1. Place a point 7 Å from the Cα of A:Ala14 along the Cα-to-Cβ direction; which residues of region A:57-75 have their backbone N under 19 Å from it?
2. With θ set to phi - 60°, apply the Karplus curve 6.51 cos²θ - 1.76 cosθ + 1.60 along region A:117-134 and write out the HN-Hα couplings as whole Hz, x wherever there is a Gly or Pro.
3. Report, in debye and to the nearest 20, how large the dipole of region A:393-472 comes out about its Cα centre when Lys and Arg carry +1 and Asp and Glu carry -1 on their Cβ.
4. Put +1 on the Cβ of each Lys and Arg and -1 on the Cβ of each Asp and Glu in region A:293-395; which of A:Ile344, A:Trp366, A:Gly302 then has its Cα farthest toward the positive end of the dipole?
5. Just flag the chymotrypsin sites (Phe, Trp or Tyr not before Pro) in region A:92-184 sitting in loop per DSSP whose Cβ has no more than 14 other Cβ atoms within 10 Å.
6. What is the gain in length, in nm to one decimal, between A:Leu382 and A:Glu293 on full extension, counting 0.36 nm per residue of separation less the C-alpha to C-alpha distance?
7. To the nearest 10 Å², what's B:Cys63's accessible area with a 1.4 Å probe?
8. Using only protein heavy atoms and a 1.4 Å probe, report how much of A:Val428 is accessible, in Å² to the nearest 10.
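The values are calculated or read from the model by the stated rules, or taken from the named source; none is laboratory data. Quick caveat: nothing in here was measured; it's all calculated off a predicted structure. Counting neighbours? That spans all protein chains shown, and the Cβs are built from the backbone with ideal geometry, glycine included. Protein only, heavy atoms only, side chains kept; ligands, DNA and RNA dropped before computing areas. Shrake-Rupley method; radii C 1.70, N 1.55, O 1.52, S 1.80 Å.
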Amino acid sequence: MIEQALVDLWHGFAVAGEPHNLMWSFIGVLIGNLIGVLPGMGALSAISMLLPLTYGLHVVPAVLMLAGIFYGSQYGGAIGAILLNLPCHPPHAVTCLDGYPLTKQGRGGTALGITMISSFFAASFGILVMVFASPLLLKVAFKFGPTEIFSIMLLGLVCGGTLSRGSALKGVSMTLFGLLAGAVGTDVNSGVARFTFGFPELTDKLELVALALGLFGVTEFLININRMDAVIAGPTLKWRDMRPSRGEMKEAFWPMVRGTLVGTLFGAMPGTGPTITTFLAYALERKISKNPESFGKGAIAGVASPEAASHSKTQVDFIPTMSLGIPGDAVMALILGALLIHGITPGPELVTQHADLFWGLIASFWIGNILLVILNVPLIGLWVKLLRVPYRFLLPSALFFIAVGVYSTNNSLFEVGEVLFFGLIGVVFVSLKFPVSPILLGYVLGPMVEENFRRAVLLSNGEISVFVEKPISAVFMGITATVLLLQIYFAIQRGRSIRLCRRKANKEHLPG
Amino acid sequence: MMQAQTYQIGTLDDMGPGYFPFAIGALMAITGITIALGARHPAKDLIAEKSFVFEWRGWICICLSIVAFVVLGHFGGLLPATFAIVFLSALGDRENTWKSALILAALMCCVCFVVFSLLLRVQLPLFQWSIR
């Protein structure tokens, strides 16, 4: 079976190596990197902004380009985090902790070099895992019926809601909100229009791009306007500075490996966001380090490990997305949505029917990562200059690209209005500290969850117990229940400790 | 403060298509109530609170600019809409002056013309005066 995988992979390299595909992959990486470097723009806004551009393309180059944008922007985000202490994308907040002190010590170039090496290493490892794990997963996946798929999706939704940062309850309620948003439009089974509020435009579902750009683009702008500090001077860098010394490499090597493993593990788990992965990798590194006090003051390990984790997670995340059709986090949900728009339903059939797409994608990851390294070494000076583009010019231009991008999706101005609507909703949620990315996950999975649920219940003649009777499904249901119970347990524990603290505080106040 | 969650969107449809949304609505109501109850004993957040400053000028300008894009796009065509969205949102930033916003808007119009009209052929005429 491994031989088969290697043969397929070889075929994939041939697909990804076609000049046409190679070009789009290159463009994706370049634009992704460019947007990722710009302050305030993360992978999510980059992908959703450029999604409309891919509609004119054939499926394979379109997906290759989107994937390129994804890891390109992730890499670009690290540059801003390390050099200017600007976490453009939440997962990079951890990189700031040690990356920026390194820059202040004049070792920013080294930090970037380490980031590049660990990203490349981690991505390569992730790709290898993908090559060998996917066929195994596929064997199992073919046995999945609607019952099992529903159970897995439920697990993904519950994990996505509860394992993000902040309150678990809020995460769950946002996931539910996303599910509800996914239900807008014409019901597949009966043709009844739901939640259209009298707008005929809404019978055709809410537009994915409008939702994503509203929640992640406009919301960001509304929050950041007049609040982004102007960047006056950044350090100048030459590519010679980026070569780390042998001692620094030694220092970075094991953290890099550990970070990669953490990322791989979390990538395989559905619903765990990238932010929590990088935070965990950092925490682990600090725990086992011999001198934990050096963290936060420019420890190389503190840069290598979270960056490696985020990149290996990125690659491994594609496994459940492509082979089961179940996205791990919001970015994957967006890519899944893009595939659906292009008329491809991810799932076990995808790998057999669109073998060129699947293996071409895997091969292009590797090519794309090499391109990224080649691109970043000479262009680092340009990126640093780009970081200084003032926000006051960036914001209006980006807003314009959002508006035109959404318009061109379906040639509908109504959808531009949807963007504004979701932007406003997003601001309300964010200011009340509700996480917004579970909404996207819920939105993309919503219709699929509903369909599989109905089909499963239909097949079992209306017996809802079918979900615990089938063995595979029961296992997933069990995991879901465990996750939920653990969360409730922790919540009660936390409440108790807070009450204890308060009682203590009260006692101290009373005698005085 | 957290009660924004308890939306009551009625499921008027018959049992078939309304079943799933109803189940979600019910779950949402439950989580909403739990959050609202939890808000009575506010738990200390581990993440440092960012002070929430009102930024009316920026907010109004951004919202207006999108509305202007929709309206002008409908009645006036792509170029006026482009100009409006860039110009208005640029004014939202306190550091921008009328002049710099004008220049930026004009520049973006050029970009828009070259990229979206010539290269990508967006299906919206550059100018139009008809009221459809």
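1. A:60-61
2. Once rounded to whole Hz, the list reads 5, 5, 4, 5, 4, 5, 5, 4, 4, x, 5, 4, 4, 4, 4, 8, 7, 4.
3. Here the size comes out at about 160 debye.
4. Working it through, the farthest residue towards the positive pole turns out to be A:Gly302.
5. The qualifying sites are A:Phe142.
6. Extra length available between A:Leu382 and A:Glu293 comes to 28.6 nm.
7. It works out to around 30 Å².
8. Number for this one is 70 Å².
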